[in-house]
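*Asks:* Encoded as structure tokens, here's the structure I'll be asking about.
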Amino acid sequence: MAIPDENLYPTATGNAAETVAEHQAKQDLVFYSGWFCPFNQRVWISLEEKGIPYQYKEVNPYRKEKHFLDINPKGLVPAIEYQGKALYESLILCEFLEEAYPNHKPHLLPADPFERAHTRLWIDHTSKTIIPVWYRLLQAQSIEQQDAARQELYDAQRKLAQQVKGPYFTGKEFGLIDVVIAPWVAREYILAEHRGYDRAQVGDGWSEYAERLATRESVSKTTSDEDKLQVIYDRYLRDEAQSEVAKALRAGRALP
């Protein structure tokens, strides 16, 4: 039986559609993408930042077509084929791009081992704390649940903001922690419109940092029109989404 989440707009729109059109030629790296997915957007931002040649292929991960399952048995975007070999998982792919294309700049991870480790600590904080509570706030139905999740999100974002050297996390250069959080920062307007979220309540420079990320060219170039995204997030707002993220939240599990 089909699920509502399958009924996605079939292609990227707006700025993202223009980017897709530029990446149809065959390349050594094939990027299997879902235009709507923020986890997917991390990899897309990395590809655009580093200027890596890639071929874009749109897939609907809810339909679990055989060819895509052969590439990623989980059936989730993002995934890539690199010289005929398959890889998946957004954070792993972002680091893979750093290592597989060392001559493509900017480098998204610091050269210094301590700074690299420090960055990974805050990527872990983002992945295990900020993003899960972002979705809990989005999906929460009662006022009490929303109030608690909103405050928890402010606290988690404030901890990250206090580590930002400025203008980006590690300083002057846009880096991997910025890539990792940017897709959700660019979607904060949804929480503001429907869940009472206010960037200014985070403090510690979060509003300024978030605005820099949301307006970064690589983020804008990989973001589709708001009206197409809204259809997807309306399902979360009604707690009807059947994504793996939504199901994990209902079950109290870690995000996939």
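*Asks:* From the cross-link list K50/K247; K85/K128; K165/K228; K64/K105; K105/K247; K105/K165, which pairs have alpha carbons spaced over 26 Å apart? The partial results should precede the final answer.
*Replies:* On the way: K50/K247 34 Å; K85/K128 29 Å; K165/K228 34 Å; K64/K105 34 Å; K105/K247 38 Å; K105/K165 21 Å.
Among K50/K247; K85/K128; K165/K228; K64/K105; K105/K247; K105/K165, the Cα-Cα distance tops 26 Å for K50/K247; K85/K128; K165/K228; K64/K105; K105/K247.
*Asks:* Is the shape of region 68-164 rounded, prolate or oblate, going by the alpha carbon gyration tensor and its root eigenvalues a ≥ b ≥ c, with a/c under 1.5 for rounded and a/b larger than b/c for prolate? Intermediate results must be reported in sequence, preceding the final value.
*Replies:* Working: a/c = 4.01, a/b = 1.41, b/c = 2.84.
Oblate is the answer for region 68-164, as a/c is 1.5 or above yet b/c matches or exceeds a/b.
*Asks:* Just to verify a number: FRET efficiency for A148 and R116, C-beta to C-beta distance, R0 = 35 Å, to 0.05?
*Replies:* On the way: r = 34 Å, r/R0 = 0.98.
Working from the Cβ atoms, E equals 0.50.
*Asks:* If the only charges are +1 at each Lys and Arg Cβ and -1 at each Asp and Glu Cβ, what is the size of the charge dipole of the chain around the Cα centre, to the nearest 20 debye? Mind showing how you got there, number by number?
*Replies:* Values: 31 positive and 38 negative charges, 97 e Å.
Around 460 debye, computed over the chain.
*Asks:* From largest to smallest, what semi-axes in whole angstrom does region 1-99 give when each is the square root of 5 times an eigenvalue of its alpha carbon gyration tensor? Don't jump to the answer; show the numbers that get you there.
*Replies:* Working: eigenvalues 84, 53, 29 Å².
After scaling each eigenvalue by five and taking roots: 20, 16, 12 Å.
*Asks:* Ok, one more. Just check region 188-256 against the gyration tensor rule for me: Cα atoms, a ≥ b ≥ c as the square roots of the eigenvalues, rounded for a/c under 1.5, and otherwise prolate or oblate depending on whether a/b exceeds b/c. The partial results should precede the final answer.
*Replies:* Numbers: a/c = 1.85, a/b = 1.45, b/c = 1.27.
Judged from the Cα gyration tensor, region 188-256 comes out prolate (a/c at least 1.5, a/b above b/c).
*Asks:* Further question on the same structure: Tell me, what HN-Hα J-couplings in whole Hz come from the Karplus equation 6.51 cos²θ - 1.76 cosθ + 1.60 at θ = phi - 60° for each residue of region 216-221, using x for Gly and Pro?
*Replies:* Per-residue couplings from phi come out as 4, 4, 5, 6, 4, 5 Hz.
*Asks:* For Rg and Dmax of the Cα atoms in Å, one of (i) 17.6, 51; (ii) 23.0, 88; (iii) 28.4, 89 was computed from the structure I shared and the rest are decoys. Which label?
*Replies:* Evaluating Rg and Dmax of the Cα atoms in Å on these atoms matches (i).
*Asks:* Along region 62-79, what does the Karplus equation 6.51 cos²θ - 1.76 cosθ + 1.60 (θ = phi - 60°) give for ³J(HN,Hα), rounded to whole Hz, x for Gly and Pro?
*Replies:* Running phi through 6.51 cos²θ - 1.76 cosθ + 1.60 with θ = phi - 60° gives 6, 8, 6, 5, 4, 4, 6, 5, 5, 7, 10, x, 6, x, 10, 8, x, 8 Hz.
*Asks:* What relative contact order, as a whole-number percentage, does region 1-137 give when Cα pairs under 8 Å and 6 or more residues apart are counted?
*Replies:* Relative contact order for region 1-137 comes out at 22 percent.
*Asks:* For region 121-180, give the percent of accessible area contributed by carbon and sulfur heavy atoms, probe 1.4 Å, rounded to a whole number.
*Replies:* Answer for region 121-180 is 50 percent, counting heavy atoms of protein chains only.
*Asks:* Leaving ligands, DNA and RNA out of it, report the carbon-plus-sulfur percent of the accessible area of region 4-86 at a 1.4 Å probe. Display every interim value, and only then the final one.
*Replies:* Details: 1830 of 3660 Å².
Carbon-and-sulfur percentage of accessible area, whole number: 50.
*Asks:* Something else: For region 92-140, with only Lys/Arg (+1) and Asp/Glu (-1) charged at the beta-carbon, what is the dipole magnitude about the Cα centre, in debye rounded to 20? Mind showing how you got there, number by number?
*Replies:* Working: 5 positive and 6 negative charges, 50 e Å.
Its charge dipole is roughly 240 debye.
*Asks:* Relative contact order for the chain using alpha-carbon pairs under 8 Å, separation at least 6, rounded to a whole percent? Present the calculation step by step, with values, prior to reporting the outcome.
*Replies:* Working: 342 pairs, mean separation 60.7, N = 256.
Taking the mean separation of contacting Cα pairs over the length of the chain, I get 24 percent.
*Asks:* Measuring with a 1.4 Å probe in the full set of protein chains, what accessible area per residue, in whole Å², belongs to region 190-256? Don't skip to the end; give the middle numbers.
*Replies:* Values: 3240 Å² over 67 residues.
For region 190-256, the per-residue accessible area is 48 Å².
*Asks:* Could you work out how much longer the chain between D70 and I52 gets when fully extended? Use 0.36 nm per residue separation minus the Cα distance between them, nm to one decimal. Don't skip to the answer; put the middle values down first.
*Replies:* Details: separation 18, 0.36 × 18 = 6.48 nm, distance 2.41 nm.
Once the chain is fully extended between D70 and I52, it gains 4.1 nm.
*Asks:* What whole-number value in Å² describes the accessible area per residue of region 43-149 for a 1.4 Å probe? Write out the running numbers ahead of the final one.
*Replies:* Details: 5220 Å² over 107 residues.
I get 49 Å² per residue for region 43-149.
*Asks:* Of the heavy-atom accessible surface of region 189-242 (probe 1.4 angstrom), what whole percent is carbon and sulfur? Let's see the in-between values first.
*Replies:* Values: 1040 of 2510 Å².
Heavy-atom surface of region 189-242 belonging to carbon and sulfur, 1.4 Å probe: 41 percent.
*Asks:* Additional query: What FRET efficiency comes out for A248 versus H194 if R0 is 22 angstrom and r is the Cβ-Cβ distance? Round to the nearest 0.05. Present the calculation step by step, with values, prior to reporting the outcome.
*Replies:* On the way: r = 21 Å, r/R0 = 0.95.
E between A248 and H194, to the nearest 0.05, is 0.60.
*Asks:* Continuing with this model, one more query. Pull out a ≥ b ≥ c, the square roots of the eigenvalues of the alpha-carbon gyration tensor of region 138-246, then state rounded if a/c is under 1.5, prolate if not and a/b is larger than b/c, and oblate in the remaining case.
*Replies:* Values: a/c = 2.25, a/b = 1.36, b/c = 1.65.
Oblate shape, in that a/c is at least 1.5 and b/c is the bigger or equal ratio.
The values are calculated or read from the model by the stated rules, or taken from the named source; none is laboratory data. Since this is a predicted model, take the numbers as computed values, not measurements. For neighbour counting, all protein chains shown are included, and Cβ atoms are generated from backbone atoms with ideal geometry for every residue, glycine included. These area figures cover heavy atoms from the full protein model, side chains too; ligands, DNA and RNA do not enter into them. Shrake-Rupley method; radii C 1.70, N 1.55, O 1.52, S 1.80 Å.
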